[in-house]
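The values are calculated or read from the model by the stated rules, or taken from the named source; none is laboratory data. All values derive from a computational prediction rather than experimental measurement. The protein model used for the area step is the full one, side chains on, heavy atoms only, and it has no ligands, DNA or RNA in it. Shrake-Rupley method; radii C 1.70, N 1.55, O 1.52, S 1.80 Å.
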Amino acid sequence: LFRSFPPTFNHHTFTLIEIYLNPWDKMSRKVAVVTGANKGIGFAIVQGLCKAWYAGDIILTARNEKLGQEAVQQAKSEGFNNVLFHRLDICDQSSAEELRKFLEKNYGGLDVLINNAGIAFKGLCLIK
């Protein structure tokens, strides 16, 4: 699912200027996915990608569609128009499969994954 290709550098400044992740597929737009991104650290990561001028779409994911859409609207109100929402519950295999199919169909794969979503185990004791 991930695309890969070495980054290119500007020989004058030696700074990373662009990453070509699939040079043979010029029609595909780059895409980054941030899981658990409707608030907190995840939303700050989305904002950081936007402020760094990420050259593609940023898919903000969350379990709750309403909260995810509200986060996208917040990002757009800040001028970040490349942020989109896709529902993802990391505990639900079918939800992950839906995201995979969406990425394959619309982008041909995935360029960047930032896995911020977590699971809280309540009442689980592994020590006897």
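Within the range 1-112, which strands (runs of 3 or more DSSP E) (wholly inside it) include 2 or more residues that are within 16 Å of the chain's Cα centre (by Cα) and at pLDDT 95 or above?
By residue number, 31-34, 57-62, 83-87.
Of all residues in the range 48-67, exactly one satisfies the criterion of being open to solvent by less than 40 Å² (accessible area, probe 1.4 Å) and polar (S, T, N, Q), namely T61.
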